[in-house]
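Report on the following structure.
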Amino acid sequence: QVQLVESGGGLVQAGGSLRLSCEASGRDFDTYAMGWFRQAPGKEREIVARISWGGGTTYYADSVKGRFTISRDNAKKTVWLQMYSLKPEDTAVYYCGAARLGSSNDPKVYPYWGQGTQVTVSS
């Protein structure tokens, strides 16, 4: 029902910034809650941030709070993750996920995913 494509990843030095984009296609994007997750080598996928379908409610993991901002524009069918003050421990593959019902930090609740985009932060 919805297809997601992430972009914007890359290699940056510690303290740098990146903006990730997740562009959606398909119907009813404005009814989906959206989340950004990340997965580092050898670790499980974890929540980074999420935003309600109307954009009125956001959540951030403690590890990124104050540094990352999630936003969405339903007219453009796009959700962004603006990342400032990046740290080496932010290095991971970042995934955009979509879910129709409720809100959750559990990646298993999100049935739709993009392909992921690599973020690498060097010391």
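The values are calculated or read from the model by the stated rules, or taken from the named source; none is laboratory data. Source: prediction; values computed, not measured. Neighbour counts are summed over all protein chains in view; Cβ atoms, including those assigned to glycine, are modelled from backbone coordinates with ideal geometry. Heavy atoms of the whole protein, side chains included, go into the accessibility calculation; ligands, DNA and RNA do not. Shrake-Rupley method; radii C 1.70, N 1.55, O 1.52, S 1.80 Å.
Quick one: would you say Leu11 is over 23 Å from Pro111 (Cβ atoms) and surrounded by 17 or more Cβ atoms within 10 Å (Cβ to Cβ)? For Leu11, the condition - over 23 Å from Pro111 (Cβ atoms) and surrounded by 17 or more Cβ atoms within 10 Å (Cβ to Cβ) - is not met.
Annotation note: Cβ proximity below 8 Å between a residue of region 88-104 that is more than 15 Å from Val2 (Cα to Cα) and a residue that is acidic (Asp, Glu) and open to solvent by 60 Å² or more (accessible area, probe 1.4 Å) (sequence gap 6+ or interchain) occurs for no pair.
When each of Val93, Val64 is tested for being assigned to a loop (DSSP other than H, G, I, E, B), closer than 22 Å to Gly9 by Cβ and at pLDDT 95 or above, the lone residue that passes is Val64. Among residues of region 15-39 being of a type in the set (Gly, Ala, Ser) and surrounded by 14 or more Cβ atoms within 10 Å (Cβ to Cβ), the one that is nearest to Ala61 (Cα to Cα) is Gly35. Kindly indicate whether any position in region 64-72 is surrounded by fewer than 17 Cβ atoms within 10 Å (Cβ to Cβ) and without any contact (Cβ under 8 Å) to a residue 12 or more places away in the chain. Yes, the conditions are met somewhere in region 64-72. Taking Leu81 as the residue in question, decide whether it is in contact (Cβ under 8 Å) with a residue 60 or more places away in the chain, part of a loop (DSSP other than H, G, I, E, B) and within 23 Å of Gly15 (Cα to Cα). The answer is no for Leu81.
In this entry, Ser21 is excluded by the filter for residues that are touching a residue at least 12 places away in the same chain (Cβ under 8 Å), of a type in the set (Ser, Thr, Tyr), assigned to a strand (DSSP E or B) and over 22 Å from Thr91 (Cα atoms).
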